[in-house]
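Only the coordinates and a few stated rules stand behind these numbers; no lab work does. These numbers were taken from a predicted model, which means no experiment stands behind them. Heads up, the Cβs are rebuilt from the backbone with ideal geometry, glycines too, and the neighbour counts pull from every protein chain shown.
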Ligand code: SF4
């Protein structure tokens, strides 16, 4: 007679498709013990392993603590008790996710440090494209992109560029020639960014990247070329003349988020000093508050960043300011959990947006954007503000306006920024 496999054999067969294998040793042993005691199905094993992974990444109470608290409150026996315990665990995690999370004084430790090499490569990949998140279902600026480099040395916990491209950042070898091949309509305005698959300034002018991009901007006055960074590497730009249609933008966040979630990047202070030196040299700057993160202290800290900008820059030096919230696609969520390292980015109440991406509930986003926008009251008349990846109702609620079409937004944006 054929024998039923022992549960540990079944567990061995199921575990590779769950996060059990990447849990820290204590949590892994505990989940194994629970699985054997309660005879977890594959779905149950997956759910409990994920709970364990989230708790260790969030640096919150351990899975053992939460499970023991649940055991102390849940009654019943057998299968019913197991179901009730799993529901209780789920509720406790949801409560941790929806509360205003607190970042510790001792910053979270991200994934292991990586060294990323920049290597030239001759590829046939399309250099020029559209922002990957562009959509007709949100009010979109129609950003175009030039992917001069694919790969990033920074380790922001909410980004997976580093996971996709690994330890080599690939730089287009014949960049100047490839830029000449881009076909643009002369009677149309374009907003083109170079910081979607990498950081625009972190590599400096290695391989002549910046020189080629600045030449491209000079040859195409109908292009607003945006160099976006979380670095303070502005030496190349300070040393040469920058065409008027080039804007250098900084992705900004609060000190707390930079320290805990944007590993390897320049501090807020260094980013702002770099932005100031460039603005003082005559190049227009811009700022992206994206992703705004909901945590204990967010109001004061985002308000403080806005106050520093208002006091340190003149509105005429600032081309635009954008705001966006934490928005993640499901494969990125899976990658973040798999990659590990401590982060509270997934410790949030996640609801699907119009594309099924996971983001904060709309009321919370509106509250956060309104708060930041109101901190920029002295600039609201003079600086162009927009929201990234948001719907028309959110625009109306925050900015009191929206565009009827993305084409109108795109042209209005480029026209304002190119004429100022
Ligand atoms: S609004 Fe944001 S998502 Fe939409 S095209 Fe612009 S940068 Fe991309």
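Observations, loosely collected:
- With 5 Å bins beginning at zero, the pair-distance distribution over Cα atoms of the range 1-61 amounts to 4, 19, 31, 23, 11, 6, 3, 1, 1, 0 %.
- In terms of the mean number of neighbouring beta-carbon atoms within 10 Å, the peptides 88-98, 175-185 order highest first as 88-98, 175-185.
- Note on 379, 250: ascending count of other Cβ atoms within 10 Å places them as 379, 250, the fewest first.
- Global form of the range 125-223, assessed from the alpha-carbon gyration tensor, a/c cut-off 1.5: oblate
- Taking the longest Cα principal axis of the chain as reference, the axis of helix 298-312 is set at about 10 degrees.
- With helices as the sole contributors, the chain gives -13000 deg cm²/dmol at 222 nm; each DSSP H run of n ≥ 4 counts as -39500 (n - 2.57), and the sum is divided by every residue.
- Quarter the surface of the alpha carbon convex hull of the range 296-378 and you get the mean projected area, 7.1 square nanometres.
- Shown here are the Rg and Dmax of the Cα trace of the range 259-323, at 12.5, 37 Å.
- Translational diffusion coefficient (Stokes-Einstein; Kirkwood radius from C-alpha pairs) of the range 7-98 at 37 °C, 0.692 mPa s, in µm²/s: 249 µm²/s
- Between residue 36 and residue 338, the simple label model (points 7 Å from Cα in the Cβ direction) yields a spacing of 2.9 nm.
- Look at 292, 350, 389 and count the other Cβ atoms within 10 Å of each Cβ; fewest to most, that gives 350, 292, 389.
- Distant alpha-carbon pairs in the chain (separation over 42 angstrom), percent: 21 percent
- Euclidean distance between Cα centres, the range 241-288 to the range 37-86, Å: 44 Å
- The angle between the Cα long axis of helix 406-419 and the longest principal axis of the Cα atoms of the chain comes to about 50 degrees, rounded to the nearest 10.
- Note on the range 223-362: semi-axes of the ellipsoid equivalent to its C-alpha gyration tensor, largest first and rounded to whole Å, are 29, 16, 15.
- Between the beta carbons of residue 106 and residue 22, assuming R0 = 25 Å, the FRET efficiency works out to 0.60 to the nearest 0.05.
- Here each label is just a point 7 Å from Cα along the line to Cβ, and for residue 187 and residue 120 those points are 4.0 nm apart.
- The range 363-402 - Kirkwood radius from inverse mean 1/r over Cα pairs (Å): 10.3 Å
- Relative exposure of 37, 138, 194, judged by other C-beta atoms within 10 Å (fewest first): 37, 138, 194
- Relative contact order of the chain: 18 percent, from C-alpha pairs under 8 Å at least 6 residues apart in sequence.
- Computed from Cα atoms, the angle from the helix 209-219 axis to the main principal axis of the chain rounds to 50 degrees.
- Extension gain from residue 308 to residue 174, taking 0.36 nm per residue of separation minus the Cα-Cα distance: 44.2 nm
- Contact order relative to length of the range 7-98, as percent, for alpha carbon pairs under 8 angstrom and 6 or more apart: 24 percent
- Extents of the range 339-386, taken as max minus min of Cα coordinates on every principal axis and listed largest first, are 42, 27, 16 Å.
- DSSP bridge pairs, the chain: antiparallel proportion in percent, nearest 5: 30 percent
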